[in-house]
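**Q** Before we start, here is the structure in question, set down as structure tokens.
The values are calculated or read from the model by the stated rules, or taken from the named source; none is laboratory data. Keep in mind that this is a model prediction, so the values were computed, not measured. We place every Cβ from the backbone using ideal geometry, glycine too, and count neighbours over all the protein chains shown. Note: accessible area is taken over every heavy atom of the protein model, side chains too, but ligands, DNA and RNA are not part of it. Shrake-Rupley method; radii C 1.70, N 1.55, O 1.52, S 1.80 Å.
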Amino acid sequence: MTRVIGLDIGESTTRAVEARLRKGAFEIRKAAAFPTDELATSLREQGLKGCRAIVGVTGRDMILRTTQVPSVPTWQLRDLMAYEIAEVSEQSGDALSADFNLLTGARRHGDDEMALLALVRDSLIEERTEQLQGAGVAIAAFTPNAIALHNAVVATDGGEGVVLVASLGG
């Protein structure tokens, strides 16, 4: 049984869901919304200190885009994506953290493949890390909200059954 908290930290409101993966299904144990400026206190009051958190990112602090890439060896793909990341970082004027993955089965034209590229401002990651460490929460990952939703569906039942999506407002 794996216990984890999902956090959506907004500018003014934070939403938290504590869940555990049990027998292939997510069991929601707690859900809460509270002011972001009270993040550390609220997480401790909810008894979430010591949990691992997967932190959702969205909005203007993040870029999620697809890009067409040729079918090349992995080392060359990493070089191509590093160039793409450097170009976007230069245009944004901010230091960025980034990751990418090939979208299997999404070939567009000929032999070209599609890659999904996610970029987030380093300052946001540093700010959230500081806030969560102050609350005694370990960060498992930062992930775009849309990808987190996909991962929850796949982890639950491989995307084959019924999945409940709950909105905590906002």
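**Q** Just to be sure before I move on: is residue 14 among the polar types (S, T, N, Q), touching a Leu at 6+ places or on another chain (Cβ under 6 Å) and more than 15 Å from residue 148 (Cα to Cα) in the structure I sent?
**A** Taking the combined requirement at face value, the residue satisfies it.
**Q** Being of a type in the set (Val, Ile, Thr) and over 16 Å from residue 137 (Cβ atoms) is the filter here; which residues of the stretch 1-53 pass it?
**A** The answer is 13, 28.
**Q** Also, quick follow-up: Here's a check for you: in the stretch 46-82, which residue that is open to solvent by 40 Å² or more (accessible area, probe 1.4 Å) and polar (S, T, N, Q) is nearest to residue 149 (Cα to Cα)?
**A** 58
**Q** Please enumerate the residues belonging to the stretch 42-58 that are in a helix (DSSP H, G or I) and touching a residue at least 24 places away in the same chain (Cβ under 8 Å).
**A** Within the stretch 42-58, 42, 43, 44 qualify.
**Q** For residue 82, are the conditions met, namely being under 21 Å from residue 143 (Cβ atoms) and not in a loop (DSSP other than H, G, I, E, B)?
**A** yes
**Q** Can you pull out every residue in the stretch 1-40 that is over 18 Å from residue 124 (Cβ atoms), among the aliphatic types (A, V, I, L, M) and either touching a residue at least 40 places away in the same chain (Cβ under 8 Å) or surrounded by fewer than 17 Cβ atoms within 10 Å (Cβ to Cβ) (or both)?
**A** If the condition is that a residue be over 18 Å from residue 124 (Cβ atoms), among the aliphatic types (A, V, I, L, M) and either touching a residue at least 40 places away in the same chain (Cβ under 8 Å) or surrounded by fewer than 17 Cβ atoms within 10 Å (Cβ to Cβ) (or both), then 1, 4, 5, 17, 21, 25, 28, 31, 32, 33 are the ones that fit.
**Q** Taking the stated definitions as given, is residue 43 out of contact with any Cys (no Cβ under 6 Å at 6 or more places or on another chain), within 17 Å of residue 124 (Cβ to Cβ) and surrounded by 12 or more Cβ atoms within 10 Å (Cβ to Cβ)?
**A** The answer is no for residue 43.
**Q** Moving on to the next point. Got at least one residue in the stretch 98-120 being open to solvent by 40 Å² or more (accessible area, probe 1.4 Å), at pLDDT 90 or above and within 15 Å of residue 59 (Cα to Cα)?
**A** There is no residue in the stretch 98-120 that is open to solvent by 40 Å² or more (accessible area, probe 1.4 Å), at pLDDT 90 or above and within 15 Å of residue 59 (Cα to Cα).
**Q** Continuing with the same structure: From 126, 160, grab the single residue that is modelled with pLDDT of 65 or more and either in contact with a helix residue (DSSP H, G or I) (Cβ under 6 Å, 6 or more places away or on another chain) or open to solvent by 40 Å² or more (accessible area, probe 1.4 Å) (or both).
**A** 126
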